[in-house]
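Peer 1: Take this structure first; my questions come after.
The values are calculated or read from the model by the stated rules, or taken from the named source; none is laboratory data. It should be emphasised that the depicted structure is a prediction, and the values quoted were computed from it without experimental measurement. For neighbour counting, all protein chains shown are included, and Cβ atoms are generated from backbone atoms with ideal geometry for every residue, glycine included. Accessible surface areas use protein heavy atoms only, side chains included; no ligands, DNA or RNA. Shrake-Rupley method; radii C 1.70, N 1.55, O 1.52, S 1.80 Å.
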Amino acid sequence: MIDAMLKQLRAKGEINILSFLSHIRHQRAFLVQTEDQFTFIHDCLAEAVDSGETNIRSSYLARYINSLQSNFTTDDSTWQLLQRQYDQITATKPEESHFSAATLPTNQLKNQSFDFLPTDSNRVKLPLLPDQEGSDYINASWVPGFLSLTEFILTQHPKEATVADFWRLLWEQDVHTVVVLSGPLQEPELPVFWPEDQQLRLGPLAVRHTEEGLLSGFQTRDFRLECGLQSTPRVVR
């Protein structure tokens, strides 16, 4: 439906969503079934019209980047064309109601900063623990990748009170690789959230440091995770 509308837009410079949908439903009776789907079509097409053609051929990519860099102003040290695109992408801001879980009184202290909160629709949920309100919350969001809309997880450096939630997150989502961009050595206010010598016990979950090394100049630490006698241990780097 959206693809056909985009082709019509390129060919005629205009679209009629209602007319096309009325026509196409004679061939595919259940093509658009809900009001949300109908709204989604309008939102996608409106963004396509507003953004214009953004596909770039690989053969032209280097020249395109150079063109973005050439429009440079020294007054505020910005690339104007790049800034214009960034401003367009970030123009839409979530409403306060979209952060209902993150702003619950029981969850507020779990956030390092209120400038970075997961939206309700995109947050990673933990299994709810018995009689623990808000135990399904962690400041973590899904990030899309090439194969899936939930391929990566972006989360904050754990606070002392959220270390257990962080390791629960790794276990529940079967995470095997963690890239740490924050460093306790550079930022002393950030706690070390991994065990060094002794095993870390977090309810039924046990975390043990097994190995250290270097990989392409980056320090690595390997940990062995176990959760109960029936589970298969996992390694997290």
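Peer 1: Which residues, counting only those in the stretch 115-134, are in a loop (DSSP other than H, G, I, E, B), touching a residue at least 12 places away in the same chain (Cβ under 8 Å) and either of a type in the set (A, V, I, L, M, F, W, C) or touching a Leu at 6+ places or on another chain (Cβ under 9 Å) (or both)?
Peer 2: PHE116, LEU117, PRO118, VAL124, LEU126, GLU133, GLY134
Peer 1: Any residue at all in the stretch 18-38 that's in contact (Cβ under 8 Å) with a residue 24 or more places away in the chain and open to solvent by less than 70 Å² (accessible area, probe 1.4 Å)?
Peer 2: Yes, the stretch 18-38 contains a residue that is in contact (Cβ under 8 Å) with a residue 24 or more places away in the chain and open to solvent by less than 70 Å² (accessible area, probe 1.4 Å).
Peer 1: Same structure, new question: What about ILE41, is it closer than 30 Å to LEU9 by Cβ, at pLDDT 85 or above and loosely packed, with under 14 Cβ neighbours inside 10 Å?
Peer 2: Numbers: closer than 30 Å to LEU9 by Cβ: yes; at pLDDT 85 or above: yes; loosely packed, with under 14 Cβ neighbours inside 10 Å: no.
In short, no.
Peer 1: Taking into account only those residues within the stretch 44-71 that are among the hydrophobic types (A, V, I, L, M, F, W, C) and under 18 Å from GLU14 (Cβ atoms), which is farthest from the chain's Cα centre (by Cα)?
Peer 2: Once the filter is applied, the top-ranked residue is VAL49.
Peer 1: Does the stretch 92-111 contain at least one residue that is among the β-branched types (Val, Ile, Thr) and either open to solvent by 70 Å² or more (accessible area, probe 1.4 Å) or over 30 Å from LEU190 (Cα atoms) (or both)?
Peer 2: Among the residues of the stretch 92-111, at least one is among the β-branched types (Val, Ile, Thr) and either open to solvent by 70 Å² or more (accessible area, probe 1.4 Å) or over 30 Å from LEU190 (Cα atoms) (or both), which makes the answer yes.
Peer 1: Please indicate, with yes or no, whether at least one residue in the stretch 175-184 is in contact (Cβ under 8 Å) with a residue 60 or more places away in the chain and either within 23 Å of GLY134 (Cα to Cα) or of a type outside the set (Ser, Thr, Tyr) (or both).
Peer 2: Yes; the residues of the stretch 175-184 include at least one that is in contact (Cβ under 8 Å) with a residue 60 or more places away in the chain and either within 23 Å of GLY134 (Cα to Cα) or of a type outside the set (Ser, Thr, Tyr) (or both).
Peer 1: Moving on to the next point. Is one or more of the residues making up the stretch 154-163 among the acidic types (Asp, Glu) and within 24 Å of PHE218 (Cβ to Cβ)?
Peer 2: Checking the stretch 154-163: not a single residue is among the acidic types (Asp, Glu) and within 24 Å of PHE218 (Cβ to Cβ).
Peer 1: Hey, another quick one. Do we have THR232 as touching a Gly at 6+ places or on another chain (Cβ under 7 Å), free of Cβ contacts under 8 Å to residues at least 24 places away in the same chain and over 29 Å from THR106 (Cα atoms) here?
Peer 2: So THR232 does not fit the description; no.
Peer 1: Then there's this: Checking the structure you have, find out if any residue of the stretch 126-138 is in contact with a helix residue (DSSP H, G or I) (Cβ under 6 Å, 6 or more places away or on another chain) and surrounded by 12 or more Cβ atoms within 10 Å (Cβ to Cβ).
Peer 2: Yes, there is a match, as at least one residue in the stretch 126-138 is in contact with a helix residue (DSSP H, G or I) (Cβ under 6 Å, 6 or more places away or on another chain) and surrounded by 12 or more Cβ atoms within 10 Å (Cβ to Cβ).
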